[in-house]
Amino acid sequence: MKTGKAAILIGTRTALFTPIPNLGLIVIDEEHDLSFKQTDGFRYHARALAILRAKENQCPIILGSATPSLESYYCVEQSKYTQLNLTQRAGNADLPCFNVIDLRDEKMTEGLNTGIGETLENRIGEETAKGNQVLLFLNRRGYSHHLVCHSCGKIINCPNCDIPLTVHKNDNRLRCHICEYSTVIPKQCPCCSGTDLLESGFGTEQVEEFLKARYPDLEIERIDRDTVSNKKALEVRLEKFKKGIAKIIIGTQMIAKGHDFPNVTLVGIIDIDSNIYSDDFRSTEYVAQLLTQVSGRAGRASKKGVVIIQTHHPEEQLINQIISLESSYSQIAHNLLALRKQIGLPPYTSQAYVLVNSTNREKAHSLILSIYDQLANCELAQKAVTVFPIMSDKIEKRQNRYHFHILLSSDSKQKLSKILDFASSVVATLKPSNDVRFAIEVDPLIMY
């Protein structure tokens, strides 16, 4: 690119650092995607960096998405961006029909225990019998969520992290999805030596096992991080599905967007409830994006598509907005923006985290306590920045390190930036040991 021998560069977020003398256009596809945010080491958001680079090079930038971020909609409201709408689906296909299944009315069947209610199970059989294909979405890999002792109630956790180990039955392992620690599935409880160990919850591996037993004549593909370790493996599995060799595909977010399956007439969203009910104020935005993106895999050609959403809460407002013919993602986004404005949340305010972690819990807590004392008594903070109390992260212990944070919020980016500079100077003065790590996360997209 630097020599001008290539005219187009396609890449991930790091491609933005490539020297290009005559940059004429930047395109950010799926601009709402969380993967554009680098959350360790050199922290940045590729979308923000791309906008800055476009400004510096005086070239246009296109932010593309079927489900734009609320930040982008906000910039349209502020007349910073120009909104261009694609009003038709690819190939002029009709929008899919939605069917919300109240799981409280479903029979307790073997399928329901693994996530597939009787209504969805029957519909899968009907569609595959017609020669059509089915896509099932479950954003949880593994066989079961965790292993619990029936005798003493002990949940087997990761020794390095504050989370349960996930059951992976195919290779007889318990795995941590944070630090990748793994161990053989035990025969007895490590706490009381009881032998009645129960698997709780279900993941894509368990759903696949049930489907293969229920439909032995059909080929089924599963796509998640356990089955797909590289690009080639992903391409092989997707190609089998596109060619119609496999009739059912079950997967995580890896199958949620960017794929064109013209023969898919049924999309099943197995467990939407676990995504909706969260302590993260952004969760409703993310669920709306996910539902819209996954639903978009159904009926992309001449065949009519159907989307089945399984839930124990069919009255949930967000679900009903998604399925309403009188609603759209754009309307949902603007409703969420109005709520954010009323409460005083981003993008109408700016947020940042002060983060501290260490292998020694007391050292980590001591440093963040010193930082907090300085921030809370800072004159600028008292006037223009809200300094929230010290909190341990939701998963305090990760990879044998203890994590704490302070949330800062302000109506002014400039004043927030000054407070963050002050926090950095405080840490420089305190000179913590090498084991204690300090970081600042500006405009966070997840709750720590």
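The values are calculated or read from the model by the stated rules, or taken from the named source; none is laboratory data. Keep in mind that this is a model prediction, so the values were computed, not measured. So basically every Cβ, Gly included, is an ideal-geometry build from the backbone, and we count neighbours across all protein chains shown.
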Legend entry - G194 of a type in the set (G, A, S), over 27 Å from I255 (Cβ atoms) and either at pLDDT below 95 or not assigned by TED's automatic domain parsing to the domain that holds I270 (or both): yes
Inset, instruction - Of all residues in the stretch 58-73, count the ones that are over 21 Å from the mean Cα position of the chain (by Cα) and either surrounded by 17 or more Cβ atoms within 10 Å (Cβ to Cβ) or among the charged types (D, E, K, R) (or both). - result: 1
Legend entry - Number of positions in the stretch 219-253 that are more than 17 Å from T265 (Cα to Cα), touching a residue at least 60 places away in the same chain (Cβ under 8 Å) and β-branched (V, I, T): 1
Legend entry - Candidates K107, K55, K80 - the one that is surrounded by fewer than 14 Cβ atoms within 10 Å (Cβ to Cβ), among the basic types (K, R) and under 28 Å from the mean Cα position of the chain (by Cα): K80
Inset, instruction - Show the residue pairs that are 6+ apart or on different chains and have beta-carbon atoms under 6 Å apart, the first residue being within the stretch 42-61 and in the same structural domain as I20 (by TED's automatic domain parsing), the second being among the small types (G, A, S) and part of a loop (DSSP other than H, G, I, E, B). - result: C59/G24
Legend entry - Selection status of R89, surrounded by 13 or more Cβ atoms within 10 Å (Cβ to Cβ), among the charged types (D, E, K, R) and modelled with pLDDT of 95 or more: no
Legend entry - Selected residue (criterion: nearest to C161 (Cα to Cα)) from residues of the stretch 401-431 that are among the charged types (D, E, K, R) and outside any strand (DSSP E or B): K431
Inset, instruction - Quickly run through the stretch 370-400 and pick out the residues that are surrounded by fewer than 15 Cβ atoms within 10 Å (Cβ to Cβ), of a type in the set (S, T, N, Q) and not in a helix (DSSP H, G or I). - result: N377, N400
Inset, instruction - Could you tell me which numbered condition T87 fails, if it satisfies all but one of (1) touching a residue at least 24 places away in the same chain (Cβ under 8 Å); (2) within 30 Å of I319 (Cα to Cα)? - result: (1)
Legend entry - Residue in the stretch 293-316 that is modelled with the highest pLDDT, counting only those that are under 27 Å from G131 (Cβ atoms) and polar (S, T, N, Q): Q310
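Here's the yes/no breakdown for (1) hydrophobic (A, V, I, L, M, F, W, C); (2) not in a strand (DSSP E or B):
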position: P159; (1), (2): no, yes
position: V167; (1), (2): yes, no
position: E180; (1), (2): no, yes
position: C192; (1), (2): yes, yes
position: F202; (1), (2): yes, yes
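Among the listed residues Q321, Q331, Q317, Q289, which satisfies the condition of being over 26 Å from S417 (Cα atoms) and touching a helix residue (DSSP H, G or I) at 6+ places or on another chain (Cβ under 6 Å)?
The conditions single out Q321.
Considering only the stretch 209-218, how many residues are in a loop (DSSP other than H, G, I, E, B), without any contact (Cβ under 8 Å) to a residue 60 or more places away in the chain and closer than 17 Å to G268 by Cβ?
0
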Inset, instruction - Tell me, yes or no, whether the stretch 73-83 has at least one residue that is in contact (Cβ under 8 Å) with a residue 60 or more places away in the chain and touching a Lys or Arg at 6+ places or on another chain (Cβ under 8 Å). - result: no
Legend entry - Tally, over the stretch 402-426, of residues that are surrounded by 21 or more Cβ atoms within 10 Å (Cβ to Cβ) and of a type in the set (G, A, S): 2
Legend entry - Of all residues in the stretch 62-72 being free of Cβ contacts under 8 Å to residues at least 60 places away in the same chain and of a type in the set (S, T, Y), the one that is farthest from Q293 (Cα to Cα): S72
Legend entry - Flag for A338 being among the hydrophobic types (A, V, I, L, M, F, W, C) and either in contact with a His (Cβ under 9 Å, 6 or more places away or on another chain) or not in a loop (DSSP other than H, G, I, E, B) (or both): yes
Inset, instruction - Say whether the condition of being of a type in the set (S, T, N, Q), more than 24 Å from I124 (Cα to Cα) and under 25 Å from the mean Cα position of the chain (by Cα) is met by at least one residue in the stretch 193-209. - result: yes
